[in-house]
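Input: a single structure, listed below in structure tokens.
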Amino acid sequence: MRLYHTLGIEKSLFRGNTWLGNDLDGKNNTLLHTFCCAGFCRWLQWRPMTITSPVGPGPFRAVLAAALVFLLFSCSSETLRPRVDEAYLLGTVVRITVYTDEAEALLEPVFARVADIEARMSTSERDYDRTELLDVNRAPAGTATPVSVDTFEVLKEALRYSELSDGAFEVTIWPLVRLWDIGSGHESVPSEGDIARAVSLVDYRKLSLNDDGSVTLPEEGMGVDVGAIAKGYAADEGARILREGGVKHAILDFGGNILVIGSKPDGTPWRVGVQRPDARRNEYIGIVYTSDRTVVTSGPYERFFVEDGVRYHHILDPATGYPSRNGLEQVTVVGDRSIDADALSTTGYVMGLPAGFTLIEELDGVEAVFVTEDHRVYVTSGLKGPDGRSRFELVDEEFRLMGPPEG
Ligand code: AMP
Ligand code: MG
């Protein structure tokens with residue numbers, strides 16, 4: 001596991017071109033604040049030497065001191081002072097912006113918790129010799145492997161979404177994920193025989209989550225993978241810790257997985273950019289206006305390799321064993337819990353239009369934006385109205401807003 005932290009506003013500014021998330025507000029407010037402080041510091045350095053006061057040094061110094069106090073206060077008041085920290089975790093840059101003066105004390109347990117979730121639930125044999133889920137996947141067929149309450153909870157949710165989507169979301173996708181090994185840097189398209197063998201080992205109905213908190217897989221070679229849901233769980237956990245610590249305004253950015261706490265400090269909704277699928281991360285096709293919610297995107301451009309001119313990406317269709325291909329380029333889900341939005345963005349991406357769209361429209365408390373390869377944009381009803389808790393606005397003229405998908 002690679003881990004680095006860079007607490008502080010100034011360092012974030014100098015990483016100017018590497019804003020990896022799509023939290024438009026965290027980015028803008030941080031920059032605004034940095035310019036404020038940078039200007040203030042420069043002013044501090046040269047102003048006293050170059051100004052001659054017409055009223056003499058005593059009164060001038062008093063005015064100067066008052067001005068400094070005002071500037072310091074305005075720069076460090078709780079509502080205007082974002083603090084940013086980031087670390088490489090869960091295969092992405094986890095970047096947290098909080099509006100509080102106690103950021104250091106609050107953020108440390110959050111990053112520790114996310115690192116702990118990774119160490120329990122990763123199935124990456126490159127990064128870990130052992131994790132709870134690697135133990136499950138390596139256990140002899142039919143034996144029960146005990147796991148922690150956390151891991152059991154995530155598996156339970158992953159199994160629930162597997163059932164809900166009839167296996168489009170597949171908690172036992174591991175044989176295929178391992179075979180394709182996308183993101184390893186030495187990928188190639190597996191043979192048809194290997195893919196067929198892996199597909200035959202993928203079946204969520206054979207996974208047993210036992211009453212005593214253990215997990216059983218009945219066949220050699222089967223395995224679980226929570227890569228499509230663990231980031232959401234970790235974001236929910238991070239938000240819980242921050243809220244318990246009294247944080248009222250924050251953005252948790254886990255790659256394409258954003259969770260916002262409260263509203264912006266000025267009381268208006270956060271603006272979360274929906275990334276333009278064919279562009280760098282800091283270009284967006286639309287904006288979700290929302291408070292106290294999560295916005296999670298799944299897309300084939302997150303991790304892929306190209307062979308013979310064909311793009312092979314990391315979201316796999318359990319039915320075929322190949323990367324999912326159905327004309328969709330991206331699915332973004334807005335909801336209350338990041339674990340649900342994370343699971344559903346992957347589910348919606350694999351199910352495609354109209355089935356994935358219909359599923360999300362039918363579920364309470366979740367909304368979605370589906371983007372096709374030919375730049376059509378489908379938005380569920382709860383994101384359209386001005387009165388909804390969240391609203392989507394399309395801003396890129398190369399994309400077309402559509403009515404409900406047919407079928
Ligand atoms: P996400 O980026 O949240 O859409 O999740 C993608 C990750 O989930 C992949 O890197 C795999 O680890 C895993 N995965 C791939 N295909 C599926 C699937 N059909 N169901 C569940 N998990 C999947
Ligand atoms: Mg997901």
If we keep only residues of region 233-258 that are within 14 Å of ligand 1 (Cβ to nearest atom) and touching a Gly at 6+ places or on another chain (Cβ under 9 Å), then the residue nearest to F111 (Cα to Cα) is F254
Quick one: which of D236, D225, D266 is farther than 23 Å from V366 by Cα, within 16 Å of ligand 2 (Cβ to nearest atom) and charged (D, E, K, R)? D225
Looking at the structure I just gave you, is R325 within 16 Å of ligand 2 (Cβ to nearest atom) and among the basic types (K, R)? no
Could you check region 196-216 and list, in sequence order, the residues that are assigned to a loop (DSSP other than H, G, I, E, B), within 16 Å of ligand 1 (Cβ to nearest atom) and touching a helix residue (DSSP H, G or I) at 6+ places or on another chain (Cβ under 7 Å)? L201, V202, L207
Which condition number does Q275 fail, the rest of (1) crowded, with 23+ Cβ neighbours inside 10 Å; (2) within 16 Å of ligand 1 (Cβ to nearest atom); (3) modelled with pLDDT of 95 or more being met? (3)
Checking H313 against (1) buried (at least 24 other Cβ atoms within 10 Å of the Cβ); (2) within 16 Å of ligand 2 (Cβ to nearest atom), only one condition comes out false. Which one? (1)
Please go through region 318-344 and give me each residue that is without any contact (Cβ under 8 Å) to a residue 60 or more places away in the chain and in contact with a helix residue (DSSP H, G or I) (Cβ under 7 Å, 6 or more places away or on another chain), ordered by number. S324, L328, V331, T332, V333, V334, G335
Restricting attention to region 295-314, which residues are in contact with a Lys or Arg (Cβ under 9 Å, 6 or more places away or on another chain) and near ligand 1 (Cβ under 10 Å from one of its atoms)? V296, P300, H313, H314
Can you find a residue in region 328-340 that is more than 14 Å from ligand 1 (Cβ to nearest atom) and among the aliphatic types (A, V, I, L, M)? yes
Residue match in region 347-356 (condition: closer than 19 Å to E237 by Cα and more than 11 Å from ligand 1 (Cβ to nearest atom)): no
Would you mind stating whether A279 is away from ligand 2 (no atom under 16 Å from the Cβ), without any contact (Cβ under 8 Å) to a residue 40 or more places away in the chain and out of contact with any Lys or Arg (no Cβ under 9 Å at 6 or more places or on another chain)? yes
Quick one: which strands (runs of 3 or more DSSP E) lie wholly within region 82-191 and hold at least 2 residues that are under 18 Å from the mean Cα position of the chain (by Cα) and crowded, with 18+ Cβ neighbours inside 10 Å? 82-89, 92-99
Consider L71 carefully, then state whether it is in contact with a Pro (Cβ under 9 Å, 6 or more places away or on another chain) and modelled with pLDDT under 95. no
Applying the selection to region 282-304, what residues are modelled with pLDDT under 95 and farther than 21 Å from G185 by Cα? N282, E283, Y284
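The values are calculated or read from the model by the stated rules, or taken from the named source; none is laboratory data. Treat the numbers as computed from the prediction; the structure is a model and nothing was measured. Here the Cβ is made from the backbone with ideal geometry for all residues, glycine too, and neighbour counts use every protein chain on show.
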